[in-house]
1. Please state which of the following conditions residue 176 fails to meet, knowing it meets all the rest: (1) surrounded by 19 or more Cβ atoms within 10 Å (Cβ to Cβ); (2) over 26 Å from residue 102 (Cα atoms); (3) free of Cβ contacts under 8 Å to residues at least 60 places away in the same chain.
2. Give the residue, chosen from 423, 412, that is part of a helix (DSSP H, G or I) and in the same structural domain as residue 506 (by TED's automatic domain parsing).
3. Restricting attention to helices (runs of 4 or more DSSP H) lying wholly within region 446-559, give those where 1 or more residues are surrounded by 23 or more Cβ atoms within 10 Å (Cβ to Cβ) and either in contact with a helix residue (DSSP H, G or I) (Cβ under 8 Å, 6 or more places away or on another chain) or in contact (Cβ under 8 Å) with a residue 24 or more places away in the chain (or both).
4. Based on this model, can you work out whether residue 319 counts as over 23 Å from the mean Cα position of the chain (by Cα), in contact (Cβ under 8 Å) with a residue 40 or more places away in the chain, buried (at least 21 other Cβ atoms within 10 Å of the Cβ) and not in a loop (DSSP other than H, G, I, E, B)?
5. Report the residue count in region 322-349 for those that are under 28 Å from the mean Cα position of the chain (by Cα) and part of a loop (DSSP other than H, G, I, E, B).
6. Based on what the data block shows, is residue 34 buried (at least 17 other Cβ atoms within 10 Å of the Cβ), more than 24 Å from residue 358 (Cα to Cα) and either touching a residue at least 12 places away in the same chain (Cβ under 8 Å) or more than 31 Å from the chain's Cα centre (by Cα) (or both)?
7. Considering region 375-409 alone, what residues qualify as being at pLDDT 95 or above, loosely packed, with under 12 Cβ neighbours inside 10 Å and not in a helix (DSSP H, G or I)?
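The values are calculated or read from the model by the stated rules, or taken from the named source; none is laboratory data. Note that the coordinates shown come from a computational prediction; the quantities given were computed from them, not determined experimentally. For neighbour counting, all protein chains shown are included, and Cβ atoms are generated from backbone atoms with ideal geometry for every residue, glycine included.
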């Protein structure tokens, strides 16, 4: 999971967290109406839950099933939820709701868990019913508005939020949610205005400040984002909030060119306080920040997204030098990268890592690696503070070596195409929902690029692309050539070889454009927002052959893509 995606988790949740009563708080508020014996058992269960003893909490709640079944099932569900047993929690909440279908609290609990288990439509339906019973509850309005926003149902979300704003115009959380809806819709300037208004109304809420920081970062105001993060961290955020805020500040600091401060905050990406952070199941000790590298037998494991693994792979050559002749390096990367990384560093053992959800947390391991001589392991992004402490530490040159025979094959194929430069293009990700769509220019905006004369465009778009290819041919008279027999999703060896044979590659920052830059192809990366990997330079220090196109003040994709097209016509 990318850092950009992780930091937005707070933005998607904080609107609700600023006003909602906790699920346990709603249970405790009902205890006075429970029979005495049930009240004693439920109180003991609540205390056990607060102490983290989830098994005892459930056991105590079961003692109240005979006299206060809905409350007991809700407490059982909450104990299971806290223990990471989401499906079983859902069953308990569903039982509570079936026993008390008109109770708003049972519907709220079931809606929350339905959304967590990937059933947002059910959650929305339940919350609509709740609002029919309790129309004035601000937390319900914010929860429903956020769910509708996440399903791209913006008109409905805005209707809910505007009604909430009419009832509570001074509620900072409402303005914050308006800002997040604007952000989802692609209006970064309006999003900042709404989040700044929320911050004026509540200048000490960590969640409100965190959202304002993200909105500032999205428009390139790195110093403003840092200021908001500093203020948020000074006002007692929860440990999970603090980790996300530090991740936002890491990107802001890196965008501002503050590499030492940025890398220091970047460590928060794996903070265990955040349930969504990646965990590792490895039998060796993790490398300490000040542990000497020379002579070490080290395991380096990839993290975050596929493109991040490629980018941070640029550190491996310097790491090998730091380990010295007495050291040894083992790599664990995404399985599709194993052969490419092994060829690029012949003296390094390379394995594939796998990930699975264990006890509610995404956990990464290396099932094929058994080596008691390994002395320490490190995730890839732990290395920049050591190997990239300043801009002058970024080394030049490509670092991945595609298969020579496959690159030669693609050169022969490209020679058979019309004369002129052969440029690879891609324009989207496999997942194009919600705010992710904002990271990619709509295909219609690509016309200034694809209409460039004297260029033959090769489609590097993985996944389903037939609709766009037909659109370009029918509307613009541009025939994008598809590489025959190449699986652009899974055959990354083939993708790297083709990129190396092309005269250039243009696209958003994806695994493909990172591979292209890593093999040394001239690569233009088109960013939706000012990008922290540029490290405040306006270029791409990680890849000498890459050029970064950031918004540079343009308010819409058409102007940004016109700038790319103009640059291509001069290339």
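1. So residue 176 meets the others, but not (3).
2. Numbers: 423 fails: part of a helix (DSSP H, G or I).
The unique qualifying residue is 412.
3. Working: elements: 447-450, 466-471, 492-501, 511-518.
Those helices (runs of 4 or more DSSP H) span 447-450, 492-501, 511-518.
4. Numbers: over 23 Å from the mean Cα position of the chain (by Cα): yes; in contact (Cβ under 8 Å) with a residue 40 or more places away in the chain: yes; buried (at least 21 other Cβ atoms within 10 Å of the Cβ): yes; not in a loop (DSSP other than H, G, I, E, B): yes.
Spelling it out, residue 319 is indeed over 23 Å from the mean Cα position of the chain (by Cα), in contact (Cβ under 8 Å) with a residue 40 or more places away in the chain, buried (at least 21 other Cβ atoms within 10 Å of the Cβ) and not in a loop (DSSP other than H, G, I, E, B).
5. 1
6. Values: buried (at least 17 other Cβ atoms within 10 Å of the Cβ): yes; more than 24 Å from residue 358 (Cα to Cα): yes; either touching a residue at least 12 places away in the same chain (Cβ under 8 Å) or more than 31 Å from the chain's Cα centre (by Cα) (or both): yes.
The answer is yes for residue 34.
7. 390
Residues checked against (1) under 22 Å from residue 510 (Cα atoms); (2) without any contact (Cβ under 8 Å) to a residue 12 or more places away in the chain; (3) out of contact with any helix residue (DSSP H, G or I) (no Cβ under 7 Å at 6 or more places or on another chain):
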{"site": "368", "(1), (2), (3)": "no, no, yes"}
{"site": "373", "(1), (2), (3)": "no, no, yes"}
{"site": "384", "(1), (2), (3)": "yes, no, no"}
{"site": "390", "(1), (2), (3)": "no, no, no"}
{"site": "403", "(1), (2), (3)": "yes, no, no"}
{"site": "420", "(1), (2), (3)": "no, no, yes"}
{"site": "424", "(1), (2), (3)": "yes, no, no"}
